[in-house]
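Report on the structure given below.
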Amino acid sequence: MANAADIGLILLISIPILLAIGVPISVSMGIGSVLAMGTIFTFDRMAITAAQRIFAGVNSFSLLAIPFFVLAGIIMTNGGIARRLINFAKALIGFIPGALFQTNIVANMLFGAISGSGVAAAAAIGGAMAPQQKADGYDPSYAAAANIASAPAGMLIPPSNTFIIYSLASGGASVAALFVAGYIPGILWGLSCMVPAYFFARKAGYKTDTLPNFRANLKVTIDAIPALLMIVLVVGGIISGIFTPTEASCIAVVYVTLLSFLYKTITVSMVPNFLLQTVKTTAMIIFMIGISAIMGWIMAYAKIPNIIADTLMGVTDSPVLIMIMMNLIMLLLGCVMDPTPAILIFAPIFLPIAASLGFDVVHFGVLMVFNLCIGTITPPVGPILFVGCRIANLKIEQVVKPLLPFFFILIVMLMAVTFIPDLSLALPRAFGLVR
């Protein structure tokens, strides 16, 4: 029977090799986990155990929220809501130099907060803003950088599928508390992105872009209110206990569907395609969760999380240095892994270490998601980076340099979120969701 070192070595070698030859990450994790499991079990027992782990991993009521939030986001992307949010954002901050940069950033925050998807925000808002930015002479590389850097804010501002995944991986952290905890860090993310955009716009001499009069501002605000009400409806209902996050996701689908039909931007014939996109996206997420459950079990069986924890604690006894090291590891993980598998695999490893240092499970969840959000805009994997570049018709190397100031200020914000717990916990405490 293999020992922990052998199992760890099999995982460490097999998964990177499979990824290097182009095998999808979920399949690579599954094959690596089964190979490791094969060193301790017979084939029959291995097959039964793997099936049981997959079932246990996906057998969660809270996971039902994911397909509904995904569907709501898809309907929103096609339902004309992006344009209304862009106009509302322009009414809010059009007086700032480089108004189209700032409008893009604020609209990404709003759209991401409603759809729960950074990728959808980068595609919908970036796609709508690009022609106007080009017509006004904005630098396309920096415009793409502002769009890419600000899109992940919506993964922190609720509703967020990423927080639902973390709730599962952490063993039951309150989804409502996580949702509320994401507000301040998510808003800080967006505000941080506005700073380098402002200085670049001032240097380049970009103009403001206010709407012509009060009546025009009032009109776009009224147009945006129905979309913005979804945030109040979903998050307010969860916090007040009127419905669960899963029930809230269903209400979100009904709401955005009725709203889009009211706007006459979707038709009944489009619905089957929306459902197909939802099934494809959800299937990938759920498959990843099931496979991660196998990997998590084999790692726990081999006591690999304990080994990693002992190694980190053995390097230093300083809580500050340990948290900095964990942040660095999570940042590196985010560069090569999608947030979903990264959370499923590493939350059970890092959470006990953070708990031993006095970190609240909700605070650590926000911290982990913040780290992985930075990874979504970082090469070589960065899904939001790739989508943003494709929307702007630019190569990644054209966007990386303009992204550097955004990376710097987001790392500063990451340190603030790490070492100022109230940024994450003040609102949940105010609503009685955490102690």
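With contacts taken as Cα pairs under 8 Å at a separation of at least 6 residues, region 1-72 carries a relative contact order of 30 percent.
Taking θ as phi - 60° and the Karplus parameters 6.51, -1.76 and 1.60, the scalar couplings of region 73-79 work out to x, 5, 5, 4, 4, 9, x Hz in sequence order, x denoting glycine and proline. Once the Cβ-Cβ distance between Leu12 and Arg435 is put in as r, and R0 is 35 Å, what FRET efficiency do you end up with, to the nearest 0.05? In this case the efficiency is close to 0.35. Rounded, prolate or oblate: pick one for region 312-364, where a ≥ b ≥ c are the square roots of the eigenvalues of its C-alpha gyration tensor, a/c under 1.5 means rounded, and failing that, prolate if a/b is larger than b/c, else oblate. Oblate, since a/c reaches 1.5 and b/c is not below a/b.
Against the main long axis of the alpha-carbon atoms of the chain, helix 304-315 sits at an angle near 80°.
As a rough guide to protection, the peptides 63-74, 164-175 ranked by mean Cβ packing within 10 Å, highest first, stand as 63-74, 164-175. Compared with the dominant principal axis of the Cα atoms in the chain, helix 245-263 is inclined by about 30°. Taken along the Cα-to-beta-carbon direction at a fixed 7 Å, the label points for Ser60 and Phe95 span 4.5 nm. Residues considered: Leu344, Leu229, Leu385. Largest GNM mean-square fluctuation over the chain, using C-alpha springs under 10 Å, is found at Leu229. Taking θ as phi - 60° and the Karplus parameters 6.51, -1.76 and 1.60, the scalar couplings of region 405-413 work out to x, 5, 4, 4, 6, 5, 5, 4, 5 Hz in sequence order, x denoting glycine and proline.
Residue by residue, region 18-31 carries 3J(HN,Hα) couplings of 4, 5, 5, 8, x, 6, x, 4, 5, 5, 4, 5, x, 5 Hz when phi is fed to the Karplus relation 6.51 cos²θ - 1.76 cosθ + 1.60 (θ = phi - 60°); x denotes Gly or Pro.
Every number here is computed from the coordinates shown, using simple stated rules; none is lab data. Computed from a predicted model, the values in this text were never measured in an experiment. Methodologically, a virtual Cβ is constructed for each residue, glycine included, from the backbone with ideal geometry; neighbour enumeration extends over all protein chains shown.
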